[in-house]
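The values are calculated or read from the model by the stated rules, or taken from the named source; none is laboratory data. This is a predicted model, so every value here is computed, not measured. Neighbour counts run over all protein chains shown; Cβ positions are idealised from the backbone, glycine included.
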Amino acid sequence: EVTREFTRNLPKAELHVHIEGTLEPELKLKLAKKNNIEIGQKTIAEVEESLKYDDLASFLAVYYPAMNVLIEEDDFYELAMAYLKKAAQNNVRHAEIFFDPQAHTSRGIAFSTVITGLLRATVDARALNIDACLIMCFLRDLSRESARQTLLEALPYKDKFVGVGLDSDEHNNPPLKFFNQFCTAQEHGLHVTAHADVDQVNSLAHIRELLEVIGVERIDHGTNIVEDPDLVDFAAKNKIGLTSCPLSNDFIAADMKGKEVLELLEKGVKISIHSDDPAYFGGYIGDNYYALAQKYDLTKEQVVALAKNSFEASWISQKQKAFYL
Ligand code: HPA
Ligand code: ZN
């Protein structure tokens, strides 16, 4: 039987967590006060009351304004350190953490402030036995020009993050909009992943662009791939990682997508379980494993297979992988 302790204690890699999505109500209020930011909420209960959404757009409408409280380098450090402590409690050994520079530079916060604060936390995480690194995401609802500028600004720091990703509102924002940025990133030796959120318009076409044209190594969410057996076959043969987030899916699509996860696991796809935005979707990575295991009656072997996939799909070296597999 799969217990909460079992899911929490299992060694895992976290490959799909947005650092801004780990901003808990308590820290949000604390930073709002320190930085004198009016957020329209004064108590934890009032912040929690604001957490109302049932699809991607309504979620993002709550999510982005909350970030206004993040101003100083230390704020980014404190945010990331709080997350990494939670990750350590969940026996996360390796974390590849998304950050959204444009959500901050668009408010006048310097790119260097964001990345320096986050990076300092990843260094201090070694004391927690976590090996952590960063993935820079482009906001797909902003312009190509904004993504181009962001990549230009980021390249001097290219040894400070391991890859690039693509997030925010997928509607009418196909991956190929950012073809040039993905190419440039790959030329600079960066890894590439991108979101294909659950049940979006043209989801399958977006997944096909990611695999056939851009050549991503992972797809974040991406479980709609089950609708195309040829793509599933391609993903299995080429060890494409799919990072599924059950509690997030339950909010965004009213479905944890457990049926799809099990089908893909069965077909040999490197699918694994992650937390997306834990402060917004009701739980950290162990909670995501446990919710899925409970709802779909997973065996211990299936849960272990998902956790092993998280290391296989990670961007650690083959030698490091051998340690966990
Ligand atoms: N999808 C797209 N963008 C996001 C998400 C997500 O699930 N979480 C944070 N930014
Ligand atoms: Zn995500």
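So the values come out like this:
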item	result
Qualifying residues in the range 214-233 (those that are farther than 19 Å from Asp167 by Cβ and not charged (D, E, K, R)) - the one farthest from ligand 1 (Cβ to nearest atom)	Pro229
Test result for Leu79, in a helix (DSSP H, G or I), within 23 Å of Ser317 (Cβ to Cβ) and touching a helix residue (DSSP H, G or I) at 6+ places or on another chain (Cβ under 7 Å)	no
Selection from the range 221-250 of residues that are closer than 21 Å to Tyr290 by Cβ, buried (at least 21 other Cβ atoms within 10 Å of the Cβ) and of a type outside the set (S, T, N, Q)	His221, Leu242, Cys245, Pro246, Leu247
Test for Leu60: is it in contact with a Ser or Thr (Cβ under 9 Å, 6 or more places away or on another chain) and either more than 26 Å from Thr243 (Cα to Cα) or assigned to a helix (DSSP H, G or I) (or both)	yes
Members of the range 1-50 found to be assigned to a loop (DSSP other than H, G, I, E, B) and either among the β-branched types (Val, Ile, Thr) or within 16 Å of ligand 2 (Cβ to nearest atom) (or both), listed by number	Val2, Thr3, Leu23, Ile37, Ile39, Thr43
Within the range 114-143, considering residues that are surrounded by fewer than 20 Cβ atoms within 10 Å (Cβ to Cβ) and hydroxyl-bearing (Ser, Thr, Tyr), the one farthest from Arg218 (Cα to Cα)	Thr116
Some residue of the range 88-102 being away from ligand 2 (no atom under 16 Å from the Cβ), assigned to a loop (DSSP other than H, G, I, E, B), out of contact with any strand residue (DSSP E or B) (no Cβ under 7 Å at 6 or more places or on another chain) and within 29 Å of Lys34 (Cα to Cα)	no
Qualifying residue in the range 185-197 (condition: within 16 Å of ligand 1 (Cβ to nearest atom), crowded, with 23+ Cβ neighbours inside 10 Å and in a loop (DSSP other than H, G, I, E, B))	yes
Hits in the range 136-166 (condition: in a helix (DSSP H, G or I) and either in contact with an Asp or Glu (Cβ under 9 Å, 6 or more places away or on another chain) or of a type in the set (D, E, K, R) (or both))	Arg144, Glu145, Arg148, Glu153, Lys158, Asp159, Lys160
Residues of the range 121-156 that turn out to be more than 15 Å from His188 (Cβ to Cβ), away from ligand 1 (no atom under 16 Å from the Cβ) and not small (Gly, Ala, Ser), as a count	12
Yes/no for Gly258 being small (Gly, Ala, Ser) and more than 16 Å from ligand 1 (Cβ to nearest atom)	yes
Scan of the range 161-172 for residues that are more than 30 Å from Arg120 (Cα to Cα) and near ligand 1 (Cβ under 10 Å from one of its atoms), ordered by number	Glu170
Long-range neighbours under 8 Å by Cβ, at least six apart or interchain, first residue within 17 Å of Asn238 (Cβ to Cβ) within the range 309-325, second modelled with pLDDT under 95	Glu312/Leu325
Candidate set from the range 198-216 (those that are surrounded by fewer than 18 Cβ atoms within 10 Å (Cβ to Cβ) and of a type in the set (Asp, Glu)); member that is nearest to ligand 2 (Cβ to nearest atom)	Asp199
Elements of type helices (runs of 4 or more DSSP H) in the range 248-301, at least 1 residues being away from ligand 2 (no atom under 16 Å from the Cβ)	258-266, 285-296
Leu56 being under 22 Å from Asn172 (Cα atoms), surrounded by 17 or more Cβ atoms within 10 Å (Cβ to Cβ) and at pLDDT 95 or above	yes
Number of the exception - Asp276 against (1) out of contact with any Asp or Glu (no Cβ under 7 Å at 6 or more places or on another chain); (2) buried (at least 21 other Cβ atoms within 10 Å of the Cβ); (3) over 19 Å from Phe98 (Cα atoms)	(3)
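Yes/no per residue for (1) at pLDDT 95 or above; (2) closer than 30 Å to Glu312 by Cβ; (3) more than 13 Å from ligand 1 (Cβ to nearest atom); (4) loosely packed, with under 14 Cβ neighbours inside 10 Å:
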residue	(1), (2), (3), (4)
Glu5	yes, yes, yes, yes
Lys28	yes, no, yes, no
Lys33	yes, no, yes, yes
Glu38	yes, no, yes, yes
Thr43	yes, no, yes, yes
Leu70	yes, no, yes, no
